[in-house]
1. With (1) in contact with a helix residue (DSSP H, G or I) (Cβ under 6 Å, 6 or more places away or on another chain); (2) within 30 Å of Ser237 (Cα to Cα) as the list, and Leu105 as the residue in question, which single condition is left unmet?
2. State which residue is farthest from Gly112 (Cα to Cα) when the search covers only region 308-322 and only residues that are touching a residue at least 60 places away in the same chain (Cβ under 8 Å) and surrounded by fewer than 20 Cβ atoms within 10 Å (Cβ to Cβ).
3. Any idea which of (1) small (Gly, Ala, Ser); (2) out of contact with any Leu (no Cβ under 8 Å at 6 or more places or on another chain); (3) closer than 17 Å to Ser126 by Cβ; (4) free of Cβ contacts under 8 Å to residues at least 24 places away in the same chain is the one Ala409 doesn't satisfy?
4. Any chance you could count how many residues in region 231-266 are at pLDDT below 95 and not in a helix (DSSP H, G or I)?
5. Which one of the conditions (1) farther than 13 Å from Ala372 by Cβ; (2) surrounded by 14 or more Cβ atoms within 10 Å (Cβ to Cβ); (3) not hydrophobic (A, V, I, L, M, F, W, C) does Thr337 fail to meet, given that it meets all the rest?
6. Give Ile402, Ile410 a once-over and let me know the one that is crowded, with 19+ Cβ neighbours inside 10 Å, under 23 Å from the mean Cα position of the chain (by Cα) and in a helix (DSSP H, G or I).
7. Looking only at region 499-516, decide whether some residue is in the same structural domain as Ser567 (by TED's automatic domain parsing), among the basic types (Lys, Arg) and either surrounded by fewer than 17 Cβ atoms within 10 Å (Cβ to Cβ) or modelled with pLDDT of 90 or more (or both).
8. For the condition of a type in the set (A, V, I, L, M), modelled with pLDDT of 85 or more, surrounded by 17 or more Cβ atoms within 10 Å (Cβ to Cβ) and closer than 30 Å to Trp386 by Cβ, what is the one hit in Leu478, Leu482, Leu453?
Amino acid sequence: MERSAAGNHWRWIALLWIGASTLFAGLGSSRLLDRDEPRNARCTIEMLEANDWIVPRFNNQLRTHKPILLYWAQMASYRMAGTNSWGARLPSAIAALATVLLLGLWTRVVAGPSIGFWSAAVLATSLLFVMAGRAATPDALLILFAAAGLLCMAMAMMYQREGAHRPGWFWLAYASWGVAMLAKGPVGLILPLAVALTWDWTERILLSPAIDSIRSAGSLRAAALKLVQVAWDNGWSTLRKARLPLGLLIALAVAAPWYLWVGYRTEGRWLSGFFLEHNLGRAVTAMEGHRGGLWFYPATLLAGIFPWSLFLLPIGWSVVWGWKDRSRTGSMVRLGTVWLLLYGAAFSMAATKLPSYLTPAYPGVACVVGVAMARWTRGEWKAPRWLDPVAIAMLSLAGIAISLAAAYAIDLQGWRDLTPYAAWGLVFPAAGLAGWGMIRNRTDRSLVPASTLVAASIWMAAIPMLLLPQLDRRRSHLDRFLEASGHSDAVGGTHFPRNASPAISTRWMAVGTIEPSWVLYSGQWIQEVGSDEKGLAEVARFLDQTDRRLVVPSDQWVGLERHLEASGIAIQAEARLEGFLRPDSSLIAAPAPEDAPRIGAQVSLPRGH
């Protein structure tokens, strides 16, 4: 018993170490990436500057993309860690680590310490989950509270089917889903509740005594009718016992006050923008070109749970075994399966598709994979002799492919000095070789998944610590904008200022779209206009004042210059902003002196000017 307790302590220590390395290593070593990270971080700053904890704003405009939870978390984080990359990303990292530990605790209670460890370890080293936990976005917060509610509900339903009544688990579930709605809206309640109800309904059917009479029915028609009757009865039983009326009131009591208050403060504009455009709109139309077929989420899942997706055979066996098993462990496998299928089906029907939409189902996937890895390590099923060598070969080939692809991409960008960083993918072949050597020496089979776990932890910690800061230094478009806007001291820094004011904001205008990182790291509001006639008229009025700068996409330069010349305004290009990992570029323009050459003369700036 003492040895078992010591082993459990070591599992938790190892789990904390893995989670800390994959989620916190190098968390603040690079500036915020993508477009959503800078938007969210800047929105929080503008709310702090206005001392407004209710209405989200970015670039002095109402931001209706996401609810309030991330901004509240970042406000607290900024006060502790400062307004920098670390402070912006810290809430997500904490939420992701909390999800890992919560899943480990829940699966340990349900299925034992070995499965508890492996389920949590798989989640902590799944690629897209780690990316969500390292990004200044609301995804990690949604995953935490949606999963917490679902696990509490599953515990309540499990006790209920076993004859015990623990209503507190129900109330915790609904309260958690109320917080999840503050992270990303109705999806924080509707989908996890649907998973819980579907899973409980399935469990009641499978565990029903009447299920045996279906197998012994005299004809197919009689069996089908009996199955429909069992499904109907147990469906109503699930709905009655889920405590929906009071539970939904609890969820709404948590989330509704902020929604009502922000609706009141913005005269309904935030509510219409969020629910109609960013919920209904994304469901019926592919926004911002984010589309894909039925293959999208299966492909995303394979990449998202890498490297564990390399072991599809033992995972598949685990699913088949779990649906036959009537223990709590089998019930957990069925929960994970339903969790993934419902989320995948729901978002496959939506027109807008993004890899992050499926990440709230990753804790369920980790339950299934965790059972597979635990049973593999314990030798609980007779695996074919070729499984270990094939698994090690796939792990090695995947690592080599990662290194080759990274080296090719680096060479394509002309960053040959970064080529050595591509070699980090070789940790997977190294782990495979170590596992193979130990298997040949007749040591424990656990070294196959264990070596994968070690390799994944090292790789996922090394990339943000070593490679991302180097890539960040190649973001010349941001550095040149900061230099042109008089913020040379901010070039390359991870800190962002808190000094926006209307006086500063009048100096800059962007035609088309702006890069949110310009606003974040310069601390300036940038007026954004379209390239239509109305927008071009605003550009003319803007440039008819002193000390003005304009950011123009390079492919729109000639047309804009001709239009402005017709209005008696000449412009000249001062700098080129190269797109980061994209072929597009923009030009910074200013009113030209009267004796400056006209149309097209300034377009051919040398690259990097």
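1. Leu105 satisfies every listed condition except (1).
2. Looking at residues that are touching a residue at least 60 places away in the same chain (Cβ under 8 Å) and surrounded by fewer than 20 Cβ atoms within 10 Å (Cβ to Cβ), I get Leu313.
3. Here Ala409 clears every test but (3).
4. 2
5. (1)
6. Of Ile402, Ile410, the one residue that is crowded, with 19+ Cβ neighbours inside 10 Å, under 23 Å from the mean Cα position of the chain (by Cα) and in a helix (DSSP H, G or I) is Ile402.
7. No - not one qualifying residue is present in region 499-516.
8. Going through Leu478, Leu482, Leu453 in turn, just one is of a type in the set (A, V, I, L, M), modelled with pLDDT of 85 or more, surrounded by 17 or more Cβ atoms within 10 Å (Cβ to Cβ) and closer than 30 Å to Trp386 by Cβ: Leu453.
The values are calculated or read from the model by the stated rules, or taken from the named source; none is laboratory data. Small disclaimer: the values here were computed from a predicted structure and weren't measured. Cβ: placed from backbone, ideal geometry, glycine included. Neighbour counts: every protein chain shown.
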